[in-house]
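A quick write-up on the structure given underneath.
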Amino acid sequence: MKYYILGTFWTLITVMAIMPTVKADVSISLPTEGLPQTEPQSIAPKNLPSIPAVVMNSSEISIYNRVNRYRQSQNLPPLTLDPIISAQAKAHSEEMAKIGRIGHQGFNDRVQSVAKEIVYRSAAENVGYSVGYAQPEAIAVEDWIGSPGHQKNMVGRYDLTGIGSVKNARGETYFTQIFIKKAWYVKDAD
């Protein structure tokens, strides 16, 4: 069975913004050929109990709400939170918190994992780091808005998102937000 993805192909772009106690990094990538494709899943599917519910900590909820408020201020629709994407974002934030460094290592692997469940057209990722702030998620989102690459992802033509926020024992908070644009595809009838 073949799938044809209708859309554009994005290349890898990396932007880095570093502040005294806040770091942010952004990447856009779209490897779609050769990935397994299935029907898109919504966050609240009916009659599909195998899809996990989204369980978010207060930092993740804050990022989700702040990014959607920003999108709405730009006359864009809000992003829908997806548990599959959130699991990938959370795992990446946990890994960054463990090693004490931000980056996009494994971004293509995260997107390929998402692609097993969601047919997508494009994907992007914002990551960040903060220490010493009472509301690190507020600083992260403000910095993303002020960074051209991060802001481009935030206002991009995406419909789904996943967010992971993890604070390590050193008091450092690591953030990952993955953006996904669902694809409309034509399935070959082999």
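The values are calculated or read from the model by the stated rules, or taken from the named source; none is laboratory data. Everything quoted here is computed from the prediction, not taken from an experiment. In this analysis, Cβ positions are derived from the backbone assuming ideal geometry, glycine residues included, and neighbour counts consider all displayed protein chains. With ligands, DNA and RNA removed, areas are computed over all heavy atoms of the protein, side chains included. Shrake-Rupley method; radii C 1.70, N 1.55, O 1.52, S 1.80 Å.
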Limited to the range 52-67, what total is found for residues that are assigned to a helix (DSSP H, G or I) and surrounded by fewer than 20 Cβ atoms within 10 Å (Cβ to Cβ)?
5
Residue among 134, 138 that alone is open to solvent by less than 50 Å² (accessible area, probe 1.4 Å) and among the small types (Gly, Ala, Ser):
138
Anything in the range 68-89 that is open to solvent by less than 20 Å² (accessible area, probe 1.4 Å), in contact with a strand residue (DSSP E or B) (Cβ under 7 Å, 6 or more places away or on another chain) and not in a loop (DSSP other than H, G, I, E, B)? List them, or say none.
81, 85, 86, 89
Which of the residues belonging to the range 127-156 are over 16 Å from residue 61 (Cα atoms) and polar (S, T, N, Q)?
130, 147, 151, 153
Kindly list, by first and then second residue, each pair from a residue in the range 97-120 that is in contact (Cβ under 8 Å) with a residue 60 or more places away in the chain and open to solvent by 40 Å² or more (accessible area, probe 1.4 Å) to a residue that is among the charged types (D, E, K, R) and part of a loop (DSSP other than H, G, I, E, B), limited to pairs with Cβ atoms under 9 Å and residues at least 6 apart or on different chains.
117/39; 117/82
Within the range 157-176, residues touching a residue at least 60 places away in the same chain (Cβ under 8 Å), more than 17 Å from residue 61 (Cβ to Cβ) and not basic (Lys, Arg) come out as 158, 159, 168, 172
